[in-house]
Amino acid sequence: VPSLSDPSVPPSGVSCSGCGAELQCGHDGAPGFVPAERYRSLASEGPAGLRGAVCQRCWALAHHGSALRLRLPPEQHRRVVSAALRRPPRHGRGPLLLYVLDVMELPDPVLPQLPALLGPDVPAAGVLVVGNKVDLLPADCRGHLGRLRRRVAAACARAGLRGPALVDIRLVSAKTGYGVEGLVSRLQRSWKCAGDVYLLGATNSGKSTLFNTLLLSDYCKSRAPDIIDRATVSPWPGTTLNLLKFPIINPTCDRIFRRQERLKEEATKTEDQLSSEEKKYLNQLKKQGYLVGEVGRTFQQQKSSAEIDFDPDTLSYSMDEDPIDAPKKLEEREEFTHNEVKDARWCFDTPGIVKEDCVLNLLTEKEVKLVLPSHAIVPRTFILKPGMVLFLAALGRIDYLEGEKPAWFSVLASNLLPVHVTTLSNADTLYEKHAGQEFLKVPMGGEERMKEFPPLVPQDITLKGIGTTEAVADIKLSSAGWVAVTAHEEEELLLRAYTPRGTALVVREPPLLPYISTIRGARIPGTPAYRTKKPPSFVENLRTTGSR
């Protein structure tokens, strides 16, 4: 069997179009690796052969949702980001930083690192904070988005990000498009085309998804999406390794006027006026999120008939299939002209900053896919008496040790993760018997997997209830999800919460969704569970008739 790597071949100087790493065939554990045979075949076609190609890791992510283990320490991630931010300003002013945080992860673990990452020698013009994944959270009452925004502002203030340095806070869903048109308008109105923009954020904050959404919006030059390949989007932590970029469109008065006209026209439509294809796509997004918004384009570049469409599948390969020879038409792939880019301002995607103490770092690709919510979270509420225990998969456990009355425990986590309630006397046996098995689902892989998996370690928590409709705190079980605890007024509870050793357990006060226990159906007779209730979805840029 020929060796997959060939250290004698020098790196290509060409970036992978999925993650931005330099393509190479010398070291299979390093970023940008392409198997030697495939690499030579692409390189033999001249410069156009490797341009647009993806590395083995991006190919595996896109086609199989699996990431090959990469030896890339967190310090290296930080070094790449830090070096990029310290580049001398290209247009006489420093870059704008778009910091993307996952609202479910509040208080964001990476946000406090931002001042150190920037440092006094970074000429940044300010930080615009984007709270992402709002589509996954059910509305627990009117005005929940205003409250979420205040929570993000409080997290920024605690991290030392305030005053002129904090340009704005926007709430979006990069996946369903909610809030993205508003973000584009805000950027074009205040930042215009003054300098470069860098997307920063923790791994899995949705940063690369936002990059891809902006690439297909009015924020990007109209010809660019046909030329630039989109960042590989996957739930595996740290998938963007080097800097990917697209050119920002110059928002001239004429362009802003035409864009406003398009947005006004779209806002007059109702759902019934959409084409069947648009309706189908909208319904798909509604299943995925509570908040949905269409991201359109005002400035379309008409394709000339002579232009060749680029098919990324022709560059695919896998460990068990022969590489497909890239057809010669690839040589005709479009490039930017010198004039298009000589004064361009760019929007850069950067590597995700790795979250320390995060349960996702302990999980396999398959497990990460189950743990990270990909659809609107349906809250699951249980009423527990003292002496009862709640398990969230085998990743978190909460014991209700002492209290006078029953209390409500509302689980907000991926709908794919099982929740089990048992008694204190049965809890250890249940964990020993079912951890690693289908019953608790994650981790998976039986006894062998559990031998290497860290044990659950406890932390005692005392809470005082504030009323039967308002939660007093969230118990955040690392990144596996959280449990909102609602108790009678002045009722004191003693709880013991567990997460795997080395992962962060956070008591979040005040809770993110304080009234979440009210979003439930009737009690299921003979069980501690309530029937679930899924609030309706809302589409932001359509007339509300027929959209609720």
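The values are calculated or read from the model by the stated rules, or taken from the named source; none is laboratory data. This one's a predicted model, so the numbers in the text were calculated from it and none came from an experiment. Backbone-built Cβ (ideal geometry, glycine too); neighbour counts: all protein chains shown. Heavy atoms of the whole protein, side chains included, go into the accessibility calculation; ligands, DNA and RNA do not. Shrake-Rupley method; radii C 1.70, N 1.55, O 1.52, S 1.80 Å.
General observations
- Residue within the stretch 447-458 that is among the basic types (K, R), assigned by the TED database to the domain that holds Y530, in contact with a Ser or Thr (Cβ under 9 Å, 6 or more places away or on another chain) and without any contact (Cβ under 8 Å) to a residue 24 or more places away in the chain present: yes
- Filter result (out of contact with any strand residue (DSSP E or B) (no Cβ under 7 Å at 6 or more places or on another chain) and either open to solvent by 10 Å² or more (accessible area, probe 1.4 Å) or on the phi > 0 side of the Ramachandran plot (or both)) within the stretch 165-180: K175
- Number of residues in the stretch 1-33 that are of a type in the set (S, T, Y) and within 29 Å of the chain's Cα centre (by Cα) equals 2.
Condition check ((1) within 30 Å of S82 (Cα to Cα); (2) modelled with pLDDT under 85; (3) out of contact with any strand residue (DSSP E or B) (no Cβ under 8 Å at 6 or more places or on another chain)) across all residues:
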{"residue": "D254", "(1), (2), (3)": "no, no, yes"}
{"residue": "Y290", "(1), (2), (3)": "no, no, no"}
{"residue": "Q301", "(1), (2), (3)": "no, yes, yes"}
{"residue": "S305", "(1), (2), (3)": "no, yes, yes"}
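- Contact map, the stretch 257-273: first residue part of a loop (DSSP other than H, G, I, E, B), second residue among the hydroxyl-bearing types (S, T, Y), Cβ cut-off under 6 Å, separation 6 or more or different chains; pairs are T270/T545.
- If the condition is being aliphatic (A, V, I, L, M) and either open to solvent by 70 Å² or more (accessible area, probe 1.4 Å) or in a loop (DSSP other than H, G, I, E, B) (or both), then the stretch 278-297 contributes only V295.
- Checked against the criterion of being closer than 21 Å to R501 by Cβ and charged (D, E, K, R), the stretch 369-382 has no qualifying residue.
- Boolean, S479 is out of contact with any strand residue (DSSP E or B) (no Cβ under 8 Å at 6 or more places or on another chain), assigned by the TED database to the domain that holds S414 and open to solvent by less than 70 Å² (accessible area, probe 1.4 Å): yes
This table checks each residue for (1) small (G, A, S); (2) open to solvent by 10 Å² or more (accessible area, probe 1.4 Å); (3) modelled with pLDDT of 90 or more; (4) closer than 30 Å to K534 by Cβ.
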| residue | (1), (2), (3), (4) |
| --- | --- |
| L362 | no, yes, yes, no |
| P373 | no, yes, yes, yes |
| A376 | yes, no, yes, yes |
| F391 | no, no, yes, yes |
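- Among residues of the stretch 15-32, those that are closer than 23 Å to T209 by Cα and either of a type outside the set (G, A, S) or in a loop (DSSP other than H, G, I, E, B) (or both), counted: 10
- The stretch 186-212: number of residues that are open to solvent by less than 20 Å² (accessible area, probe 1.4 Å) and outside any strand (DSSP E or B): 13
- Residue ID - least open to solvent (accessible area, probe 1.4 Å), chosen from residues in the stretch 499-517 that are of a type in the set (S, T, N, Q) and within 14 Å of L456 (Cβ to Cβ): T499
- With respect to the stated conditions, L430 fails to be aliphatic (A, V, I, L, M) and within 25 Å of V354 (Cα to Cα).
- If the condition is being more than 11 Å from S517 (Cα to Cα), in contact (Cβ under 8 Å) with a residue 24 or more places away in the chain and open to solvent by 10 Å² or more (accessible area, probe 1.4 Å), then the stretch 462-471 contributes T462, K464.
- Count of residues meeting criterion [under 20 Å from the mean Cα position of the chain (by Cα) and at pLDDT below 90] in the stretch 109-142: 7
- If you go through the stretch 482-496 and keep only what is open to solvent by 10 Å² or more (accessible area, probe 1.4 Å) and touching a residue at least 60 places away in the same chain (Cβ under 8 Å), you end up with H488, E491, E492, L494, R496.
- Test: residue in the stretch 530-537 that is closer than 14 Å to S410 by Cα, modelled with pLDDT of 95 or more and buried (at least 20 other Cβ atoms within 10 Å of the Cβ): yes
- Residue list for the stretch 25-44, filter: of a type outside the set (A, V, I, L, M, F, W, C), farther than 9 Å from D6 by Cα and in contact with a strand residue (DSSP E or B) (Cβ under 9 Å, 6 or more places away or on another chain): P31, G32, Y39
- Residue match in the stretch 202-214 (condition: touching a helix residue (DSSP H, G or I) at 6+ places or on another chain (Cβ under 6 Å), at pLDDT 85 or above and more than 28 Å from G13 (Cβ to Cβ)): yes
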